[in-house]
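Chemist: Below you will find the structure I want to go over with you.
Derivation of every value follows stated rules applied to the coordinates shown; laboratory data play no part. This is a predicted model, so every value here is computed, not measured. Don't worry about glycine lacking a Cβ; one is built from the backbone with ideal geometry, like all the others, and counts go over all protein chains shown.
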């Protein structure tokens with residue numbers, strides 16, 4: 001089994017900020033819009049370096065999406081920035097009509113997603129956003145695993161023609177993806193190879209899945225860990241190749257179990273290769289205020305929950 005050491009502790013939103021600044025230096029067509037959360041989205045470095053290409057729209061997220069769509073007509077590549085809740089649920093109509101239906105080249109960049117937002121509580125911890133975005137025709141959905149990969153993903157979506165949703169988070173999190181590990185939209189990464197059970201994860205839970213694989217290894221269970229950083233388009237070949245070896249799968253996501261990555265994987269399996277599957281996800285509920293670690297444990301998204309799901313699904317083979 002391949003082991004991934006912790007290289008650093010950084011928030012994924014800072015990976016987005018670093019990537020956006022790099023794009024500002026290399027691509028004059030990139031512009032940025034923010035809904036009064038410049039510091040929280042780590043867009044302040046871009047604003048300082050390129051004030052003429054930064055637009056502070058204030059607490060007017062729907063207007064931000066409309067302005068972003070309009071900027072594409074002049075050949076700009078707009079990156080919008082606000083919390084995931086405000087990036088999706090508050091502005092779904094504008095995204096659907098002005099961006100997705102119109103096929104506009106807008107990059108919707110969403111921070112503070114999921115339970116690990118922590119103390120801000122249920123009103124801000126959106127757990128439905130991946131489902132909302134992946135249902136939109138033509139929308140690409142990317143959920144990177146750590147700071148390094150969020151940086152890579154920010155660069156990648158700029159080169160992708162069409163609307164994209166990039167989801168990342170607030171807390172400092174282990175950095176474990178090597179900077180030289182290739183990143184490609186729509187291509188999953190097999191982080192560890194195994195034969196007994198497949199663990200498919202995205203976002204913050206990729207690290208938890210790797211930790212779970214180490215615990216399972218101690219018990220003589222060989223787990224394959226897949227970082228499914230792109231939820232749409234989903235790498236069906238990688239999923240099917242893995243379950244052909246292991247015969248069972250656990251999907252791990254910081255999202256409602258309804259409509260998210262787990263359901264995307266389930267659609268692939270039921271269509272091409274019916275396979276026992278267990279979900280590690282929030283079980284159809286809202287979150288609450290607490291620390292990220294407390295909430296992951298309470299809502300069943302921690303290492304013991306993944307290892308328990310692995311044992312359960314292996315018994316169903």
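Chemist: Would you mind telling me the antiparallel percentage of the DSSP bridges in segment 8-175, rounded to 5?
Modeler: Beta bridges within segment 8-175, antiparallel portion: roughly 15 percent.
Chemist: On alpha-carbon atoms, Rg over Rh for segment 103-199 using Kirkwood Rh?
Modeler: Result for segment 103-199 is an Rg/Rh of 0.98.
Chemist: With a 10 Å radius around each residue's Cβ, average the other Cβ atoms per peptide and rank 179-192, 149-162, highest first.
Modeler: Top to bottom by mean Cβ count within 10 Å: 149-162, 179-192.
Chemist: Rank these for me by crowding, 133, 65, 1, going from fewest to most other beta carbons within 10 Å. Mind dumping the intermediate values first?
Modeler: Details: 133 27, 65 30, 1 15.
Fewest-to-most ranking of 133, 65, 1: 1, 133, 65.
Chemist: Let me ask something additional. How much of the DSSP bridge set in segment 178-317 is antiparallel, in percent, rounded to the nearest 5?
Modeler: Rounded to the nearest five, the antiparallel share is 20 percent.
Chemist: Rounded to the nearest 5, what % of DSSP beta bridges with both residues in the chain are antiparallel?
Modeler: About 20 percent, rounded to the nearest 5.
Chemist: Return the ratio Rg/(2.2 N^0.38 Å) for segment 2-46, where Rg is computed over Cα atoms only.
Modeler: 1.42
Chemist: Any chance you could give the angle, 0 to 90 degrees and rounded to 10, that helix 147-159 forms with the longest Cα principal axis of the chain?
Modeler: Long axis of 147-159 versus the principal axis of the chain: about 60 degrees.
Chemist: Could you tell me the extents of segment 8-175's C-alpha atoms along the three principal axes, largest first, rounded to whole Å?
Modeler: 39, 32, 27
Chemist: How far is helix 12-26 tilted off the main Cα axis of the chain, in degrees rounded to 10, range 0 to 90?
Modeler: Between helix and principal axis, roughly 50 degrees.
Chemist: May I pose another question? Sort 64, 135 by Cβ crowding within 10 Å, fewest neighbours at the top. Each step should come with its number before you reach the end.
Modeler: On the way: 64 28, 135 13.
So the ranking, lowest neighbour count to highest, is 135, 64.
Chemist: If you don't mind, another one. Relative to the longest principal axis of the C-alpha atoms of the chain, give the angle of the C-alpha long axis of helix 61-73, reported between 0 and 90° and rounded to the nearest 10°.
Modeler: That helix lies at roughly 80 degrees to the long axis.
Chemist: Separate question: Sorted from fewest to most neighbouring beta carbons within 10 Å, what does the list 31, 106 look like?
Modeler: So the ranking, lowest neighbour count to highest, is 31, 106.
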